[in-house]
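Data first, discussion second: the structure below is written as structure tokens.
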Amino acid sequence: MKRFGRILASAAIVGGFVLGSASAPAVAVADAGVASVDVAAATAPAFAKGFNKKAKSITDPASYWVVVNKLTPLKPKKWVPKDLVTVPVDHVYSPKMRSMASKAVVSMFKAYNKATGKKMQAQSAYRSYTSQVSVYNGWVKKLGKKKADLTSARPGFSEHQTGNAIDISAKPAKCSLQACFASTSQGKWLAKYAWKYGFVLRYPKGMTSTTGYEYEPWHYRYVGKQLAKEMHDTKTKTLEQFFGLPKAPTYK
């Protein structure tokens, strides 16, 4: 399958339509296993003694543990977080996130700058249901529905709508919204330390058959320090695996 160049914005208008993706889409890529639906439950990891994986809901959109994928949309699909705030960090497009997630981003960006003397910036964050309609329809028009589903979340199925997801890029920009972001100073630091601030890499490499989306080393999801630490300590790559949920490579 051909690759398409990444577009730097989740709300950039190109050729008359808005571009975006599961995170801030711009590449249509499918793993070999994505074409067929695999609903076998992913293997759940061993949990640290005392950790309660039922402490928070994974279906309530207001929960920081909510799991949103191609099998589990937000309910209601047009849900809007009540505590959205503007995230006061360097950015390409002004980001909004839920309050706790915003504070965590600020702390994480400051820690990176202190440790390296370099900077990160927010590429995109919250997107409404209406915004995702434009994003998804734009990709359907460009790629066709089958390919669009591999790179862009359908409205109501996007993590960005939770207000807990953020796409991060280097400042100055380098490998923005591209797999090579993983090899940048920012990408390496995030992969090693983001869990300490409550974030998990939502679409890890080689996990498309579970998450339904390509490798996105820039897309981080806030779940809170407790869950992020547990996933880190148990070396669990995805929320689907952690909670013993079915793999979600395609929509029902």
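Some observations on this one:
- Distance from region 102-146 to region 49-91 (C-alpha centre basis), Å: 16
- Exposure proxy ranking, count of Cβ atoms within 10 Å, fewest first, for S107, S209: S107, S209
- Exceeding the 22 Å Cα-Cα cut-off - candidates K205/K235; K75/K196; K78/K225; K56/K110; K53/K229: K75/K196; K78/K225; K56/K110
- Highest mean first, the peptides 162-173, 189-200, 77-88 sorted by other C-beta atoms within 10 Å per residue fall in the order 162-173, 189-200, 77-88.
- Residues S158, S128, S102, sorted so that the one with the fewest Cβ neighbours within 10 Å comes first: S128, S102, S158
- Anisotropy class of region 175-240 from Cα gyration tensor, a/c 1.5 cut: oblate
- Three-way shape call for region 47-178 based on the alpha-carbon gyration tensor, with the a/c threshold at 1.5: oblate
- Among the listed pairs K96/K146; K119/K237; K54/K237; K54/K103, those with a Cα-Cα distance over 23 Å are K96/K146; K119/K237; K54/K103.
FYI, it's all coordinate maths here, none of it is from the lab. Since the model is a prediction, treat every value here as computed from it, not as a measurement. Cβ sites come from the backbone with ideal geometry, for glycine too, and all protein chains shown count toward neighbours.
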